[in-house]
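> Supplied in structure tokens, the structure appears directly below.
The values are calculated or read from the model by the stated rules, or taken from the named source; none is laboratory data. Just so you know, these numbers come straight off a predicted model, no measurement behind them. FYI the Cβ positions are ideal-geometry reconstructions off the backbone, even for glycines, and counts take in every protein chain you see. These accessible areas exclude ligands, DNA and RNA; they are computed on the full protein's heavy atoms, side chains included. Shrake-Rupley method; radii C 1.70, N 1.55, O 1.52, S 1.80 Å.
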Amino acid sequence: MAKYAVTKSIDVRGEVCPVPDVETKRALKKMKAGEILEVWIDYAMSKERIPEAVKNLGHEILEIEETGTSEWKIYIKVK
């Protein structure tokens, strides 16, 4: 069972900066308060950069979950 009621999921695995950051921001702009964005990444720098950017935009990082070797899911709650 899913941990969160994910509203939208984007998969930016295989992409390097700035694509994961840009795609995450683009998705968040289209979402409403309370919705949850799930971002699939495999670029380690994005694991640091996306949460930083998201917090600066005023949204909440719910969790960064390691899903495999150098793969993560970031759960973001829109504020």
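> Using DSSP to define loop residues, name the chymotrypsin sites (Phe, Trp or Tyr not before Pro) in the chain whose beta-carbon has at most 16 other beta-carbon atoms within 10 Å.
When the chymotrypsin sites (Phe, Trp or Tyr not before Pro) of the chain are filtered for loop state and at most 16 Cβ neighbours within 10 Å, Tyr4 remain.
> Here's something else I'd like to know. Per the helix-only calculation at 222 nm, which mean residue ellipticity applies to the chain, given -39500 (n - 2.57) for every DSSP H run of n ≥ 4 and division by its residues, nearest 500 deg cm²/dmol? The partial results should precede the final answer.
Numbers: 2 runs with 24 residues, N = 79.
The per-residue figure over the chain is -9500 deg cm²/dmol.
> May I ask you to give the percent of accessible area on the chain that is carbon plus sulfur, with a probe radius of 1.4 Å?
48
> Specify whether the C-alpha gyration tensor of the chain places it in the rounded, prolate or oblate class, a ≥ b ≥ c being the square roots of the eigenvalues: rounded for a/c under 1.5, otherwise prolate if a/b is larger than b/c and oblate if not.
Note, shape of the chain comes out oblate.
> So, for the chain, what is the accessible surface per residue at a probe of 1.4 Å, expressed in square angstrom?
60
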